[in-house]
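The values are calculated or read from the model by the stated rules, or taken from the named source; none is laboratory data. A quick note: this is a predicted structure, and the numbers were derived from the prediction, not measured. Please note: Cβ atoms are built from the backbone with ideal geometry, for glycine as well, and neighbour counts cover all protein chains shown.
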Amino acid sequence: MNTAIIHPVIALLCGIAILIWPRILNYVVAAYLIFVGVVGLVAVLA
């Protein structure tokens, strides 16, 4: 899984979601941070 492609796509989707539903900003940011953390740990441990 190439993180160079995934990060911009997730950022774009999160940005669109925030524009459509501003109240879910906290959930979007939390999910993004968790995802980035997991991907970072997998990359280091693998």
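Taking H7 as meeting all but one of (1) at pLDDT 80 or above; (2) surrounded by fewer than 10 Cβ atoms within 10 Å (Cβ to Cβ); (3) not polar (S, T, N, Q), write down the number of the exception.
(2)
I24: in a helix (DSSP H, G or I) and at pLDDT below 85, yes or no? Show your work before the answer.
Details: in a helix (DSSP H, G or I): yes; at pLDDT below 85: yes.
Against the criterion (in a helix (DSSP H, G or I) and at pLDDT below 85), I24 qualifies.
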